[in-house]
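Have a look at the structure below before the remarks.
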């Protein structure tokens, strides 16, 4: 039996989508698939390392860190809107006087989570490279989600926030395709200004535990690489993972994440 660990962080009905994922994987693999809803990516990492989960969903920074303490097998990476990577941004309210990274000294910054590549790792590495260390900020708060980071900035609990962003043409001169402020049910979308972008950040990963057989790993890769081609699979890919599709991945695709981790001293 395959045990697939995911988080219940999706805004969609987690139980129904988890059932759909289990049925899709069972049909594709020809074996029973039990989907486990975990409370955090840290819990997924523990499940993989301790052999309780066969396969798990990990964001890029969590994947890089788990590789330093144990053995997992990278299987796939996420593709969003035909893009294999995305960007991290630091943003403010549109009416904020802050226009440069240096002006964040003595200001309040909202982050997503210490394991978030776009919501903490890449923007903090960018700040440090710009000569603005974290200790120069008035405060750093972890909000727990991209939506709550946007709420903190719009609600004036933070002067700036970190989140993800993709553009329709891949460049900031083109319209925003998706970002922390375009999702999460914001109506109307809040008026924000991007201070800087960082990255590119590679997509989320699907990993297997060290004890999973090669044949089973290959079967999971094939099943998930074809997921977007079925109606149910496409709904699961978007509803649970927030992606368009998955494709096979290699460890070198995540070297930029390891480099950013070294910059902030978390390697």
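The values are calculated or read from the model by the stated rules, or taken from the named source; none is laboratory data. Please read all numbers here as calculations on a predicted model, not as lab measurements. Cβ: placed from backbone, ideal geometry, glycine included. Neighbour counts: every protein chain shown.
Any idea which residue in region 234-246 is surrounded by the fewest Cβ atoms within 10 Å (Cβ to Cβ), counting only those that are part of a helix (DSSP H, G or I) and either touching a strand residue (DSSP E or B) at 6+ places or on another chain (Cβ under 9 Å) or without any contact (Cβ under 8 Å) to a residue 40 or more places away in the chain (or both)? Full working, then the answer.
Our first condition is that a residue be part of a helix (DSSP H, G or I); within region 234-246, this holds for 234-239.
Checking the rest, the ones that are also either touching a strand residue (DSSP E or B) at 6+ places or on another chain (Cβ under 9 Å) or without any contact (Cβ under 8 Å) to a residue 40 or more places away in the chain (or both) come to 234, 237-238.
Values: 234: 14, 237: 23, 238: 17.
This residue is 234.
Condition check ((1) more than 19 Å from residue 78 (Cβ to Cβ); (2) out of contact with any strand residue (DSSP E or B) (no Cβ under 6 Å at 6 or more places or on another chain); (3) buried (at least 16 other Cβ atoms within 10 Å of the Cβ); (4) not assigned by TED's automatic domain parsing to the domain that holds residue 66) across all residues:
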residue	(1), (2), (3), (4)
165	no, no, yes, yes
169	yes, yes, no, yes
174	yes, no, no, yes
177	no, no, yes, yes
192	yes, no, yes, yes
207	no, no, yes, no
210	yes, yes, no, no
222	no, yes, no, no
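For residue 14, are the conditions met, namely being in the same structural domain as residue 238 (by TED's automatic domain parsing), under 17 Å from residue 242 (Cβ atoms) and either out of contact with any helix residue (DSSP H, G or I) (no Cβ under 7 Å at 6 or more places or on another chain) or at pLDDT 95 or above (or both)? I'd like the intermediate steps shown before the answer.
On the way: in the same structural domain as residue 238 (by TED's automatic domain parsing): yes; under 17 Å from residue 242 (Cβ atoms): yes; either out of contact with any helix residue (DSSP H, G or I) (no Cβ under 7 Å at 6 or more places or on another chain) or at pLDDT 95 or above (or both): yes.
Spelling it out, residue 14 is indeed in the same structural domain as residue 238 (by TED's automatic domain parsing), under 17 Å from residue 242 (Cβ atoms) and either out of contact with any helix residue (DSSP H, G or I) (no Cβ under 7 Å at 6 or more places or on another chain) or at pLDDT 95 or above (or both).
Filter region 185-212 down to the residues that are part of a loop (DSSP other than H, G, I, E, B) and either under 30 Å from residue 52 (Cα atoms) or without any contact (Cβ under 8 Å) to a residue 40 or more places away in the chain (or both) and list them by number. Write out each step before concluding.
Of all residues in region 185-212, those part of a loop (DSSP other than H, G, I, E, B) come to 185-191, 203-204, 210-212.
Of everything in region 185-212, those that are part of a loop (DSSP other than H, G, I, E, B) and either under 30 Å from residue 52 (Cα atoms) or without any contact (Cβ under 8 Å) to a residue 40 or more places away in the chain (or both) turn out to be 186, 187, 188, 189, 203, 204, 210, 211, 212.
Any residue that is assigned to a strand (DSSP E or B) and under 21 Å from residue 261 (Cβ atoms) - is there at least one of those in region 112-130? Outline the logic, then answer.
Step one: filter region 112-130 for residues assigned to a strand (DSSP E or B), giving none.
No, region 112-130 has no match at all.
Table: residues versus (1) outside any strand (DSSP E or B); (2) surrounded by 15 or more Cβ atoms within 10 Å (Cβ to Cβ); (3) in contact (Cβ under 8 Å) with a residue 40 or more places away in the chain.
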position	(1), (2), (3)
3	no, yes, yes
18	yes, yes, yes
27	yes, no, no
31	yes, no, no
57	no, yes, yes
61	yes, yes, yes
67	yes, yes, yes
75	no, yes, yes
